[in-house]
Amino acid sequence: MIKKMLNVNGVEKVIIIDADATLANVIRENLFLTGTKVGCGKGECGSCSVIVNGKVVRSCITKMKQVPDFAVITTIEGVGTPQNLHALQMAWIAYNGAQCGFCTPGFIVSAKALLDENRNPTRQEVRDWFQKHHNACRCTGYKPLVDATMEAARVLRGEISMDDLAFKIPSDGKLWGTKYPRPTALGRVTGTIDYGADLGLKLPGVLHLAIAQARTSHGNIISIDTSEAQKMPGVVKVLTCKDVKGNNRIVGLINMPTNKGDGLDRPILCDKKIFQYGDAVAIICADTEANARAAADKVKIELEELPAYMSAPAAMAPDALEIHPGTPNVFFTIKNIKGEDTKPVMESAPYVVEDEFYTQRQPHMVLEPDVGAAYMNEDGVLFIYSKSTCLHLHYAMIQPGIGIAPDKLVIANPPAVGAMFGYKLSPTMEALLGVACMATGRPVTLRYDWHQQQTYTGKRSPFFMKVKMAVDQEGKLIAMESDWTVDHGPYAEFGDAVTVRGAQFMGAGYNIPRIRGEGRTVYTNHSWGCAFRAFGSPQAEFASEVLMDELAEKIGIDPLELRYKNVYREGDLTPTGQPPDVIVFPGLIDKARPHYREALERAKKESTPQKKRGVGVSIGVYGCGLDGPDSSEAWVELTPDGVTVFNCWQDPGQGGDVGSLITAHESLRPLNIAPEKIRLVMNDMSLAPMAGPSAGSRQQLITGQAIKIACEALLGAMKKPNGTYRTYDEMVTEKLATRYVGQYTTPGTPPDLETAQGSPFSVYQYCLFLAEVEVDTETGKTRVVKMSSFADVGEICSQLAVDGQFYGGLAQGIGLALSEDFEDIKKHSTMTGAGFPFVRDVPDELELHYQQTPRPLGPYGAAGCGEAPLTSPHAAVINAIHNACGVRITHLPAYPEKVLSGLKAKA
Ligand code: FES
Ligand code: FES
């Protein structure tokens, strides 16, 4: 133990602590300053940044023995408070710098240190600073963070005032379509809102959990020996499958009746087999996280090793074992059959192109590793707090497995969730928390480290694709043939749905009269496939959007103009035979064309033999919602001091709070209600109704409609015969109900299982991407110098939230194109190893353009928007590489060595 005298946020402290404890843990666990976050825990992400004696320090890798005595330490809590914000915090709110907000304290602290020494930095100096100090963000694309820092610097220089950064309500009182800040921004920028780990830390009498995990990818379990773990210091209990009170299975989502799996292939704690690296075998419950982790290492798993099938082709080999005995490894197939047979036209068409494509196992790489907590209330109700993005669905997926009575389980989100991008559509640790809480009768908390986050949560399912397209003499598409194989890892949940997306989105955006295709889903022993933003479309549209460029090259026509000829127009049908909900692409292309021409000119001018510049385009389409009818419910209640909106629009950072608030505010405008009088009660099954998953860009559309309907019902009840509205007191006096329910269901039809034809989504989002790249011909390294999007996501509810989705989506698209993967379990288990895009990898020039075509079914004309920015931006980057240097990358990511080998082959 050592004693340290410190000055923390202006207050003198004496701390007696283990010399090897990290500064981050001391700040969080001894000083209870939980605004400082621990993300990677390895010095890669900057989430834990604090200022020590004027220098930015990553507190997760700083041992207390390294901290000088009398050090002056500033954490986010010392930068500013909710009542007295620093200019940086104000600017972060104004520019929506805090989406999930998990990186926010680290960024703001880091930016403060910069502005303390340089009040007038250039944008490049700000970017260089964030790069140097490892400040990483997965949500924002960095541009808003640089914008915010520049604006805060202007405040500090006295050029503008804090008030200039504050949002001003327009004179007509309308918030719809404005940059009204999200209500939870204040807590995020001041570090005062609790994330999962903060909640866990503050639970009285909490036990810390750690999981003992498999270190192999496939094997039969012979025995599990927990005796040594049980004897480790601080251990209260070690749990295995024998301690699980239910059937020990996650109820997987088998969406299609032709799926050959039973949906019960994922154990909560492995009993008979290990299916993938990282599978959970035992839970250690201990007094501290360190003791729990140390004991987890002592659990011995005796195995009969089996061959590990780490890709779909390996698992499809004729001699491959069935990964789930009794179920074939190819467990689902779907055809796409649209129009007449393709063969005759493929044989006679003047231009036909065919190619093979592969999209990788993209990792979500959220900064906040998976985390949760659970406790049992006085009535024996088990409350599980997790990053779940579909509370009610996860309830159904874990309740039989953990064996709790149906009326004794509630799932909720902590007040803030550090992003998910789809991985939390699968339950990850909810059942583990439930099992441990039930077995110990104590509150419990579990936090994965970043390695566990990377190795033991789902990934984007790789697609192996072969696609062929034909056009007529005029360049009009006449036929497409496709074949795709989906590597879905060992667990079936969402596997059939993502495979159907191949049929729905390969060739999306174009009128292709004849289509023949077949896709299949395959069990493998690599990490389980799960939802990832834009679910299936980045795979499917990568193939068709790169093939469109190949087609343009073959015909000798400009790629943008080939698209212009073929995009949806009135009377056209999508690949599933559905009329598009709105016709927007000709307008988007007209908008993009001058920018495209300028970009081509710029590329020509700035290319050198060593640094070749190029321009690429792609179009992207995604549906809003789940296949078929899709529902949500919201409640609205008049209270003595305003209105309360209740819903479960789970908000991992995209802006469920501001979407709910602005939609309700717009609906209640006849009341002339101030936004601060609208209270939100969200994301707790015990308090608010089911809204369905925050996934597939469905919430603004479907929960937005439910909110609107509930508000209209309230307004209807409040309206007096003279056209004015009753007060709360008048409603009570007249015995009128004050709470109203809004329910909404979209009119989609599920896909036909023989042909994939149908109208799965009632509203779509559309986008065109324009990428400008520079390829270093000596190293093969590609740098994206500018990225633009031209989107139509209907009428925009929150401009800040929609911009945020596009900035972040473009950055993820660049990562998908160039660097991100999770194939090599060892190499790709760190942020840097997995190709995380840091600020230097994302251009400062991110340009967003919108066309707002009202959606007939959307609330106030809005569609969803979260998926659009990641539908096909990577295809634009890949097409730009070809435009720059003639190398066509078809297997992602476009690592420098692949580009270089293409250059050598060309030479
Ligand atoms: Fe400390 Fe990532 S750098 S948590
Ligand atoms: Fe930066 Fe989410 S806002 S990681």
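Details
- Rg and Dmax, both from the Cα atoms of the range 567-718 and both in Å, are 21.9, 72.
- Exposure proxy ranking for Trp484, Trp635, based on other Cβ atoms within 10 angstrom of each Cβ and starting from the fewest, stands as Trp635, Trp484.
- Working from the Cα coordinates of the range 267-400, the gyration tensor eigenvalues give, after taking √(5λ), semi-axes of 43, 23, 17 Å in decreasing order.
- Gain in span if fully extended, Asp590 to Ala396, counting 0.36 nm per residue against the direct Cα distance: 65.1 nm
- Percentage of interatomic Cα-Cα distances in the range 220-280 larger than 14 Å: 66 percent
- Counting only DSSP beta bridges whose two residues both lie in the chain, roughly 75 percent are antiparallel.
- Quarter the surface of the alpha carbon convex hull of the range 442-498 and you get the mean projected area, 7.2 square nanometres.
- Computed from label points 7 Å out along Cα-Cβ, the spacing between Arg840 and Ile673 is 5.0 nm.
- Using a cut-off of 25 Å between Cα atoms, the listed pairs Lys168/Lys387; Lys42/Lys424; Lys132/Lys906 include Lys168/Lys387; Lys132/Lys906 as exceeding that distance.
- Overall form of the range 811-907 per C-alpha gyration tensor (a/c, 1.5; a/b vs b/c): prolate
- Dipole of the chain, positive end: most advanced residue of Ile211, Ser872, Leu714 [Cβ charges, Cα centre]: Ile211
- Ranking of Glu151, Glu820 by count of other Cβ atoms within 10 Å, fewest first: Glu151, Glu820
- Over the range 348-426, equivalent-ellipsoid semi-axes from the Cα gyration tensor in Å: 41, 17, 9
- Cα gyration tensor shape of the range 1-89, rounded if a/c is under 1.5, else prolate or oblate by comparing a/b with b/c: oblate
- Beyond 24 Å in Cα-Cα separation lie the following of the pairs Lys37/Lys300; Lys55/Lys202; Lys237/Lys272; Lys604/Lys786; Lys476/Lys591: Lys37/Lys300; Lys55/Lys202.
- Here r is the Cβ-Cβ distance between Lys466 and Asp116 and R0 is 56 Å; the resulting FRET efficiency, rounded to 0.05, is 0.50.
- The range 616-673-the range 476-490 distance, computed between alpha-carbon centres (Å): 34 Å
- From the largest down, the range 240-320 spans 47, 27, 19 angstrom on the principal axes of its Cα atoms.
- Using every pair of distinct Cα positions in the range 147-190, the Kirkwood expression returns a hydrodynamic radius of 12.2 angstrom.
- Its Cα centre serving as origin, the range 22-72 has a Cβ charge dipole (Lys and Arg +1, Asp and Glu -1) of approximately 100 debye.
- Principal semi-axes in Å for the range 771-839 [√(5λ), Cα gyration tensor, largest first]: 28, 18, 8
- Each of the peptides 66-74, 185-193 was scored by the mean count of other Cβ atoms within 10 Å over its residues; in descending order, highest first, they stand as 185-193, 66-74.
- For a paramagnetic label modelled on Asn84 (point 7 Å from Cα along Cα→Cβ), amide N atoms under 17 Å away belong, within the range 10-31, to 10-12.
- Positive-end residue, the range 642-685 charge dipole about Cα centroid, Cβ charges, pick of Thr644, Leu671, Met682: Leu671
- Take the Cα of Met5, go 7 Å toward its beta carbon, and the backbone nitrogen atoms of the range 67-92 under 15 Å from that spot belong to 68-73.
- Percentage of interatomic Cα-Cα distances in the chain larger than 45 Å: 26 percent
- Difference of contour (0.36 nm per residue) and Cα-Cα distance, Lys179 to Asp558: 132.7 nm
- Between the range 187-234 and the range 555-598, the C-alpha centres lie 50 angstrom from each other.
- Projecting the Cα atoms of His828, Gly794, Phe838 onto the charge dipole of the range 785-858 (Cβ charges, centred on the Cα centre) puts His828 farthest toward the positive pole.
- Length gained on full extension, Thr832 to Glu601, computed as 0.36 nm times the residue gap minus the Cα-Cα distance: 79.7 nm.
- Neighbour-count ranking [beta-carbon atoms within 10 angstrom, fewest first] of Met469, Met162: Met162, Met469
- Gyration tensor verdict on the range 111-200 (Cα atoms; rounded if a/c is under 1.5, prolate if a/b is larger than b/c, oblate otherwise): oblate
- The tail of the calculated P(r) for the range 189-249 beyond 16 Å holds 67 percent of all Cα-Cα pairs.
- Entry for the range 530-573 at q = 0.25 Å⁻¹: log10 I(q)/I(0) = -0.89, Debye formula applied to identical alpha-carbon scatterers, no solvent contribution.
- Förster radius 35 Å - calculated FRET efficiency between Asp163 and Thr288, Cβ distance, rounded to 0.05: 0.15
- Basic side chains Lys and Arg get +1 at the Cβ, acidic Asp and Glu get -1 at the Cβ, and with that the dipole of the chain about its Cα centre reaches some 1360 debye.
- Inter-centroid distance (Cα atoms) of the range 811-889 relative to the range 283-342, Å: 28 Å
- Think of each Lys and Arg Cβ as +1 and each Asp and Glu Cβ as -1; about the Cα centre, that makes the dipole of the range 808-855 roughly 160 debye.
- Percent breakdown of C-alpha pair distances by 5 Å bin, ordered from the shortest bin, for the range 718-877: 2, 8, 12, 12, 12, 11, 10, 10, 7, 5, 4, 4, 2, 1, 1, 0
- Partners for Lys63 among aspartates and glutamates (Cα-Cα distance below 14 Å; same-chain residues under 8 apart left out): Asp18, Asp20
- Cα point-scatterer Debye curve for the range 303-372, base-10 log of I(q)/I(0) at q = 0.23, 0.28 Å⁻¹: -1.10, -1.26
- Among the helices of the chain, those built from whole DSSP H runs whose Cα atoms reach 24 Å or more along their own axis and whose mean Kyte-Doolittle hydropathy is at least 0.0 are 699-718, 799-818.
Read-outs throughout are calculated quantities, based only on the coordinates presented, and are distinct from any laboratory measurement. In this text the structure is predicted, and so the values were computed from the model without any measurement. Virtual Cβ from ideal backbone geometry, glycine too; neighbours counted across all protein chains shown.
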